[in-house]
Every structure is written in structure tokens, then in C-alpha cells.
Amino acid sequence: MAHYLVIHTPKADEADSTLPPTKLADLAQNLGHESSQPRWITTWSPDLHDERVFSYWEARNADEILKAIEKYGFLDDMDAEAVNVRQWGPGEVLAVDPE
């Protein structure tokens, strides 16, 4: 299963839009478990000076995530860009490049 970092950026034209309430509890209940497809893992809000929000998902493809975001109204006042990511760090570097 692939991992995705979704970058949520405020839409420029949403100021006058009325959106239905987010179904956040349903999203957590239905897509927040190990066996969920796609699976919502977590979300970060950087700080008060950055309006973007970042969510982390596990899915077969980015389209699954975008459909879930639409279905549950998750941060739907924002544009969502799903980026396929792979986790790596010092351990992986040292395992490949022993000195």
C-alpha cells in the first residue's frame, strides 16, 4: 500500500461559499482503522502563520483519497494535492552505504 502526504491549501474563491458540515466523526470511524481503504492516518496543522494543513494517508492511489475527502467534506474549503511519499532516514542511509 502506498503512503500519501496531502497538502491542503485554502481556495481563493471560497469566501462566499456555503459548504455542508464536515462528516469528521464518520471519516474517523470509517477510514481511521488499520483495515480501512483508503486509510486516514493523521493530520498536521503547522502553525498560526501557515494556512495549509497536511494529512497523511495510506491508499492504492491518490484518487481514492480525493474521493474520500469529497465524500466526507474533509477540509473541503481547501484544494487538496496528494503526493506519493516514502519514509526513509539515517537508518536506511547507513544500511545502504556502510563506511
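Summing -39500 (n - 2.57) over the DSSP H runs of n ≥ 4 in the chain and dividing by its residue number, what mean residue ellipticity at 222 nm do you reach, to the nearest 500 deg cm²/dmol?
Values: 3 runs with 26 residues, N = 99.
Value at 222 nm, helices only: -7500 deg cm²/dmol.
Assuming R0 = 25 Å, can you tell me the calculated FRET efficiency for the pair Arg52 and Leu94, based on Cβ-Cβ distance, to the nearest 0.05? The partial results should precede the final answer.
Values: r = 32 Å, r/R0 = 1.30.
Efficiency, from the Cβ-Cβ distance: 0.15.
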Worksheet entry | Largest to smallest principal axis extent of the C-alpha atoms in region 2-96, angstrom | 53, 33, 21
Item to complete: Might you report the magnitude of the Cβ-based charge dipole of the chain about its Cα centre, with Lys and Arg at +1 and Asp and Glu at -1, to the nearest 20 debye?
Response: 400
Practice prompt. Towards the positive end of the charge dipole of region 2-96, with charges on Cβ (+1 Lys, Arg; -1 Asp, Glu), say which of Ile7, Trp88, Ala25 has the farthest Cα.
Written response: Trp88
Discussion item. Restricting to Cα pairs below 8 Å that are 6+ residues apart, what does the relative contact order work out to for the chain? Please round to a whole percent.
Written reply: 42
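So how much slack lies between Thr43 and Val83, counting 0.36 nm per residue of separation and subtracting their Cα-Cα distance, in nm? Display every interim value, and only then the final one.
Values: separation 40, 0.36 × 40 = 14.40 nm, distance 1.43 nm.
Between Thr43 and Val83, full extension yields an extra 13.0 nm.
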Discussion item. Net charge around Ser35, counting only other residues with Cβ within less than 15 Å of its Cβ (Lys, Arg = +1; Asp, Glu = -1)?
Written reply: -1
Worksheet entry | Helix 62-72 vs. the chain, principal-axis angle (Cα, 0 to 90°, nearest 10) | 30
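Every number in this text was worked out from the coordinates using simple rules, so none of it is lab data. Here the structure is a predicted model, which is why all the values come from computation and not from measurement. Methodologically, a virtual Cβ is constructed for each residue, glycine included, from the backbone with ideal geometry; neighbour enumeration extends over all protein chains shown.
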